[in-house]
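Peer 1: Dropping a structure here in C-alpha cells format, bear with me for questions.
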Amino acid sequence: MNGKSLRKTGTILMFVTPGLLIVVVFILMPLLMSLFNSMFNWNQLIRAEFVGLENIKKLFNTYPYKERFFNALGNNLRWFVLTMAIQNTLGLLFGYLMARRILGHEFFKRVFFLPVLFSIVAVGFLWGLYLRPNGLLNAALAAVGRTDLQHAWLGEARYATLSIIMVNIWRWIGFPSLVFLAAIDSIGQEYLEAAYLDGAGEWQVFWKIVFPLIIPAITVITVLTIIGSLNVFEQVYTMAGLDGAPNYATDTIGTLFYRTAFGSVDSGSPEIGIGSAISVVIYLMTFFFSLFSIIFTRSKEVEL
Amino acid sequence: MKKRMTLVAVMLLVISLVGLFAAGSAEQKTAKTEIQFWTWRPEDVDFYNSVIADFEKANPDIKVVQNAIRNTEYNTVLAASLSGGSGPDIFQTRAYGGLLTFSDSGYLENIEKWYPAVTNFPEAALGGAKDSKGNIWGVPVIGQTQLVYYNKAMYDAYGLKVPATWNEFLNNCKVLKNKGVTPIANGSKEGWIVETMLGSVGATFYGGNDFFNEVVAGKTTFEDPRFIRAIEKLGELKPYLPPMYTGVAYTDMQAAFFNEMAGHFLGGSYEASYFKSQNPDLDFDIFAMPGEKATDPRYVSVYADMNWSLNAASTKKEAAAKFLAFLASTEVANRFIKDLGNVAWAPGADASSSPFIQKVLELQKTSTPYIFLVGFRYQQPTGSALFQSAGQGFFAGELSAAEVASNVQRGIATYYEPFQK
Amino acid sequence: MITDFQLRNASTLKKIILLICLVVMLIYVILILYPLFNMVVSSFKTTRQILQHPFSLPETVSFANYKTLWVDKGFANYFINSIIITVSAMVFVVIFGSMASFGISRYSFKANTLVYMLFLSGIMLPLKAAIIPLFLIIKKLALVNTRLSCIFIFIAMGIPSTVFILAGFMKMIPKDIEYAARIDGCSDFRIYAQIFMPLCASSIALVTIYNAVPIWNDFFFPLVFLQSEKFKTLPVGLSSFFGQNSTNWGLLFTGLSIAIVPMVVMYLFMSKYFIRGMIAGAIK
C-alpha cells in the first residue's frame, strides 16, 4: 500500500514539478514581492517604512484614487459584460456551426483565427485609422446617407470604450469559436447520432446534450474572459494611451495600475505603493471571481 | 505524415537547444572601455551615431554603445534596470519631476562633481535639472517652446497677415474655413496636446510670468479669473478645429499640417524638423499668440526638456564623464541646433545655422514657464494629468472652463503646501 | 455524416436561419481580410503616403522598405532571435504545460485544487506589473542580457493558460480509455504521451497558437532584458520606429507584414490538427 502511494506521489510530482517550478520562480515570486510592496510607503523608487494596509485604504477612500479606481472598474465591468454577451455568444454560435460543418466551414475555421495573429500594435493602428473622424466607418455611414450617425468614435466619452471593446471582440471571436469547435468535436459522434435518430430537433440536441457536455470549455472561456476583462491593458494602451483619454472614459484598472506604478510620460511619476495596492486588489478580485466560476461550473459538469 | 512530424519535431528541438545553450552573454574583453548610452529618441539614432563616431575618433580607448528605447517605455525600463543595480552608464533623463524619480532614489551622480561647468548654463535650463535642495543631477541639453505654426503659403495666397490681436487671429481662421481649409489642425484625442494648447495660446491670457509666480507661491489659485479666462479663450477655438476634433490624434494633426490641409498648428518647437522631413516644400513659419490688444505681451511657454545624467552605480564613470563633457560641448550643441532643429542650452551655442531656431529664440524673449510641467509635475496627481483630462472634458463640451479650473485646483491642493494654508 | 446539417430535408425557416448565420460569418471574414490587406499594402508606401492616402493602393510597388528593413536595419538578425526565443519557449510550454495538466486532471490528490489555483494565479496578474522584482530575480540568476531570460519568462507566462485549457480538455476524456490502457499494462508516462496527447491534439494546437502569438509579438520583456543589439527581437526592432514625436509608419508596416508571416505559417500548419481532433473523436 505504501509503495503504491509513494509511486503515485512520485508520478504526480514528475508531471507537475517542472512547470510548477518555472511558474513559481518567474511569476509567483515576483508577483508576491510586488504585492508585498503595497504594504510600504515609497520614496520614489526606494522602499520606505512599513504601513500595512494604509495604501489599500487610501486607494478606496481618498481623492483622486477612489474616483479613478471606481471609474476604471466600471469600465472593466463593461468589458466583461460586452465580451461575454457578444464575443463568447458569437463564438459559441460560430463554433457550433463549424462543428456541424456548415457550408465553407473549412475556410471559416482557418480565417477566423487570423486576427489573433496580428500584433496588437497593428490592430490598434489599423482600427484607429478606420475609426478616425475621416476614417472608413464614418465614410461608410456617409455613403448610406446616415451622416447623423457619424461620431469621433475614439474621441467621445460615450463611444470610446465601446469602440475599443468592439475592436477587441473583432480580434478574439476566433478563439472561443475554435475552443467550442474543439469541445463539440470531442463529443462522441454516437451520442449525437443516437439523439438525431430518436427524432430530436436541433435546439433540443444543443441544449440537452451538447451544452452540458461542453461545460468545461465554457468554464475555460468564462474564466479567461473574467481574467482578461480585469487585466485588459494592451488594447486600451494602443488605442487610447495610458491615461484613459478622453478624460478617463477609457480608463481600466490595468491602465490605472500601470501609470500609477510606473508613471506616465505625459503626466506623472510612479507611486509604487499605491500601484502595488491596485495590483493586490486586481489580483484578489480576479482570484475570487475565477474561483467562484470554477466551483459553480464544476458542480454542473456532466461526465460520460 | 509521420516522417514530416518527426522532421518538424527534430527541427524544433534543435532550435530550442540553440536557445538554451548558445545563449551566452554579451560581454567581450577588449582593450577599450565600453560605456552604455541610453536615449528615448529612436528617431535620432543616426544623429547620435555620428556624434559618437566623432567622440570615438578623439578618444580611441572608449567605445560608446547606443541603446534607443521607445519613449513611452523608457522610464519603466530605466527604473527596472537601475533598481536592479545595472543600467546604462550615461543616459537621458527627463526634466523637472521626472528627474527626481531617479535622483531622490539615489541612482544618479551629482553632476557638478563630474562637470563643474554645468553651473554656467542658463537658470531656466538648470531649473529642470535641480532638486529642491539645489543639487544638480544632470547637464541640461535642450529646451522647447510652445508656439503657433502657420502655413505661410496659405497666408500669402489668401492675403492674410500675421495677427497682431486675438480677433485678427480668429478672423484669419474664419477666412481659411471659408476657403475649405481646416483652420487649426489640433484635436483633443490625446491629453498632452490639450496641455500644449494651453502653453501656446493660454499663456498670453492668464498673464504669463505674473500669474505663474503668484500661483507657485500660493498667492493665487488656479481658480483665478485670469486662468479661467485663458481656458475660455481655448474654447473660442472650437469652431476652427477639425470636424469631430475629439477624435483627431497627434499623428493626424501633424499630417494635416504638413500635407497642407490645415493652416495653423499649435505645438512645440520640436515639430519643425519633422514637418520639414515629411514635406520639404512646406512653407511655414511661427508666431506667438497675440492677446486682446496689440500691445499685450505675447507669451510662449518654455521648458527644459532633457538632461544628460550619470549612473551612480556605474563602474566606468570616468569614461562616461568624458563622453558627457563631449555631449555638453558647444560643438555638439551646435549640431543639435543644425541637425535636429532644437534649442540647445550649452553656453556659447550658435544659432546662425538655423533661421528657424533664431526665430524661436526671438520669441523666447517673451517667455513664461510651461506652467504645469515646470511648476506642478512633481507629485501625483500632477497638474499636467489634471489639466489634460479636464481639458479633454472641456473640449468635448462636458466641463465648463470654471470646472476645469476647479478640478485642477482640487487635485493639486491635495499635496501642494502653498495651497493648503 | 449524420451530424452535418441536413439541408435537403430542412424546413425553410431553418434554411433562412442558416443563411443569415452564413452572411454574418462572411461579413466577419471580410472584416478580417481587409485590415490584413491594408497592412500589407501599406508596407509598400512611405509614411507620408500612408497618412495622406491610407486606403488607396500604392502608386508604385516598391520593395525599398523591405530591403531597408531587412538589410540596413538588421532585421534579419532580429527575426532569427525571435524565432529562437519563441520556439524554445513554446516547446517547453507545451511539454511542461501538458504534463502538468495531465497530472492535475487525471489524478486526484489532496493538493489538486491548490496546485491548480497556483498555476491559475499565473494568469491573474500581468507579469509586467512585477517587472522590478522580476528584474532582481533575473539579475540574481545572472541572466540579464541573455536569451535565456526571455525564454524562461515566456515559458512561465505560457504554462498557466496552457494548464487551464488543457486540464479542461483532458477532463472531458472518458475514464474507460485510461482504464483500458492501464489494463493493457501502459505506464503513466505512456498513457500521457501516446494516448492523451494525440487525443488532445486540437486543444494543444489551440494552446500553441494562443501562447505563441503573444510571445512572438511581445516587445516589453525583450526590451527590458535584451539590451545588446545581437540579442534583440523583432518587436523590439519595430518599437524603435515609434519616435517621441514622429512614427515611421512605412517601415513599421513593412516590419509588421514580415512579422505576421511565421505566425500565419504556424497557424496553417497547426490547423491540420483541428481536423485530426475531429477524426479522433469520430473514431473513438
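Residue-wise test of (1) open to solvent by 10 Å² or more (accessible area, probe 1.4 Å); (2) more than 9 Å from chain B (Cβ to nearest Cβ); (3) touching a residue at least 12 places away in the same chain (Cβ under 8 Å).
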| residue | (1), (2), (3) |
| --- | --- |
| C:81 | no, yes, yes |
| C:85 | no, no, yes |
| C:92 | yes, no, yes |
| C:99 | yes, yes, yes |
| C:108 | yes, yes, no |
| C:113 | yes, yes, no |
| C:116 | yes, yes, yes |
| C:132 | yes, no, no |
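Peer 1: Taking the criterion of being surrounded by fewer than 23 Cβ atoms within 10 Å (Cβ to Cβ), part of a helix (DSSP H, G or I) and away from chain B (no Cβ under 14 Å), would at least one residue in the range A:241-254 satisfy it?
Peer 2: Checked against the condition, which is being surrounded by fewer than 23 Cβ atoms within 10 Å (Cβ to Cβ), part of a helix (DSSP H, G or I) and away from chain B (no Cβ under 14 Å), the range A:241-254 yields no hits at all.
Peer 1: State whether one or more residues within the range A:1-16 are in a helix (DSSP H, G or I) and either closer than 30 Å to residue B:406 by Cα or touching a Pro at 6+ places or on another chain (Cβ under 9 Å) (or both).
Peer 2: no
Peer 1: Confirm whether residue A:92 is open to solvent by less than 50 Å² (accessible area, probe 1.4 Å), within 14 Å of chain B (Cβ to nearest Cβ), within 22 Å of the chain's Cα centre (by Cα) and touching a residue at least 60 places away in the same chain (Cβ under 8 Å).
Peer 2: Here the answer is no, as residue A:92 does not meet what is asked.
Peer 1: Go through the range B:313-354 and give me each residue that's closer than 25 Å to residue B:303 by Cβ, in a loop (DSSP other than H, G, I, E, B) and open to solvent by less than 40 Å² (accessible area, probe 1.4 Å).
Peer 2: B:328, B:329, B:341, B:342, B:345, B:346, B:349, B:354
Peer 1: If you go through the range B:105-124 one residue at a time, do you hit one that is in contact (Cβ under 8 Å) with a residue 40 or more places away in the chain, within 14 Å of chain A (Cβ to nearest Cβ) and either out of contact with any Gly (no Cβ under 8 Å at 6 or more places or on another chain) or under 20 Å from residue B:332 (Cα atoms) (or both)?
Peer 2: yes
Peer 1: If you take just the helices (runs of 4 or more DSSP H) that sit entirely in the range A:19-102, which of them hold at least 1 residues that are among the basic types (Lys, Arg)?
Peer 2: Those helices (runs of 4 or more DSSP H) span A:54-61, A:65-82.
Peer 1: Same structure, new question: Can you run down the residue pairs with Cβ atoms below 7 Å, 6 or more apart or on separate chains, where the first is in the range A:17-29 and facing chain C (nearest Cβ under 7 Å) and the partner is open to solvent by 20 Å² or more (accessible area, probe 1.4 Å) and among the aromatic types (Phe, Trp, Tyr)?
Peer 2: Qualifying pairs under 7 Å: A:18/C:96; A:19/C:96; A:22/C:96; A:22/C:152; A:26/C:152.
Peer 1: Do we find that residue C:202 is at pLDDT below 80 and out of contact with any Pro (no Cβ under 9 Å at 6 or more places or on another chain) in this structure?
Peer 2: yes
Peer 1: State whether the residues of the range C:5-24 include one that is in contact with a Pro (Cβ under 9 Å, 6 or more places away or on another chain) and at pLDDT 90 or above.
Peer 2: No, every residue in the range C:5-24 fails to be in contact with a Pro (Cβ under 9 Å, 6 or more places away or on another chain) and at pLDDT 90 or above.
Peer 1: Restricting the range A:198-229 to residues that are outside any helix (DSSP H, G or I) and of a type outside the set (Asp, Glu), which is farthest from the chain's Cα centre (by Cα)?
Peer 2: Result: A:199.
Peer 1: Here's something else I'd like to know. Somewhere in the range B:134-149, is a residue of a type in the set (S, T, N, Q) and in contact with a helix residue (DSSP H, G or I) (Cβ under 6 Å, 6 or more places away or on another chain)?
Peer 2: yes
Peer 1: If you check A:40, A:69, which single one turns out to be within 14 Å of chain C (Cβ to nearest Cβ), under 30 Å from residue A:271 (Cβ atoms) and at pLDDT 85 or above?
Peer 2: A:40
Peer 1: If residue A:155 satisfies every condition in (1) buried (at least 18 other Cβ atoms within 10 Å of the Cβ); (2) part of a helix (DSSP H, G or I) but one, which is the exception?
Peer 2: (2)
Peer 1: May I pose another question? Taking residue C:167 as the residue in question, decide whether it is more than 7 Å from every other protein chain (Cβ to nearest Cβ), part of a helix (DSSP H, G or I) and open to solvent by 20 Å² or more (accessible area, probe 1.4 Å).
Peer 2: No; evaluated as a whole, the condition is false for this residue.
Peer 1: Which one is nearest to the other protein chains (Cβ to nearest Cβ) among residues in the range A:257-277 that are within 22 Å of the chain's Cα centre (by Cα) and over 30 Å from residue B:250 (Cα atoms)?
Peer 2: Only one residue tops the list, namely A:276.
Peer 1: To continue, here is another question. State whether the residues of the range B:284-301 include one that is open to solvent by less than 20 Å² (accessible area, probe 1.4 Å), within 14 Å of chain C (Cβ to nearest Cβ), in contact with a Phe, Trp or Tyr (Cβ under 9 Å, 6 or more places away or on another chain) and touching a residue at least 24 places away in the same chain (Cβ under 8 Å).
Peer 2: No, the range B:284-301 contains no residue that is open to solvent by less than 20 Å² (accessible area, probe 1.4 Å), within 14 Å of chain C (Cβ to nearest Cβ), in contact with a Phe, Trp or Tyr (Cβ under 9 Å, 6 or more places away or on another chain) and touching a residue at least 24 places away in the same chain (Cβ under 8 Å).
Peer 1: Would you call residue A:186 closer than 29 Å to residue C:166 by Cβ, open to solvent by less than 10 Å² (accessible area, probe 1.4 Å) and polar (S, T, N, Q)?
Peer 2: Against the criterion (closer than 29 Å to residue C:166 by Cβ, open to solvent by less than 10 Å² (accessible area, probe 1.4 Å) and polar (S, T, N, Q)), residue A:186 does not qualify.
Peer 1: Search the range B:229-268 for residues being surrounded by fewer than 19 Cβ atoms within 10 Å (Cβ to Cβ) and part of a helix (DSSP H, G or I), and hand back the single one that is farthest from the other protein chains (Cβ to nearest Cβ).
Peer 2: B:229
Peer 1: Let me ask you something else. Go through the range B:177-199 and give me each residue that's touching a Leu at 6+ places or on another chain (Cβ under 8 Å), assigned to a helix (DSSP H, G or I) and within 14 Å of residue B:240 (Cβ to Cβ).
Peer 2: Of everything in the range B:177-199, just one residue is touching a Leu at 6+ places or on another chain (Cβ under 8 Å), assigned to a helix (DSSP H, G or I) and within 14 Å of residue B:240 (Cβ to Cβ), namely B:197.
Peer 1: To continue, here is another question. Tell me, please, whether a residue that is within 18 Å of residue B:340 (Cβ to Cβ), of a type in the set (Ser, Thr, Tyr) and either touching an Asp or Glu at 6+ places or on another chain (Cβ under 9 Å) or open to solvent by 10 Å² or more (accessible area, probe 1.4 Å) (or both) can be found in the range B:131-150.
Peer 2: Within the range B:131-150 (the criterion being within 18 Å of residue B:340 (Cβ to Cβ), of a type in the set (Ser, Thr, Tyr) and either touching an Asp or Glu at 6+ places or on another chain (Cβ under 9 Å) or open to solvent by 10 Å² or more (accessible area, probe 1.4 Å) (or both)), the answer is yes, since at least one residue qualifies.
Peer 1: Of all residues in the range B:116-130 being part of a loop (DSSP other than H, G, I, E, B) and of a type outside the set (Phe, Trp, Tyr), which is most open to solvent (accessible area, probe 1.4 Å)?
Peer 2: Only one residue fits best here, namely B:122.
The values are calculated or read from the model by the stated rules, or taken from the named source; none is laboratory data. Since this is a predicted model, take the numbers as computed values, not measurements. All Cβ positions, glycine included, derive from the backbone under ideal geometry; neighbour counts span all protein chains shown. Side chains are part of the model used for accessible areas, which takes the heavy atoms of the whole protein and leaves out ligands, DNA and RNA. Shrake-Rupley method; radii C 1.70, N 1.55, O 1.52, S 1.80 Å.
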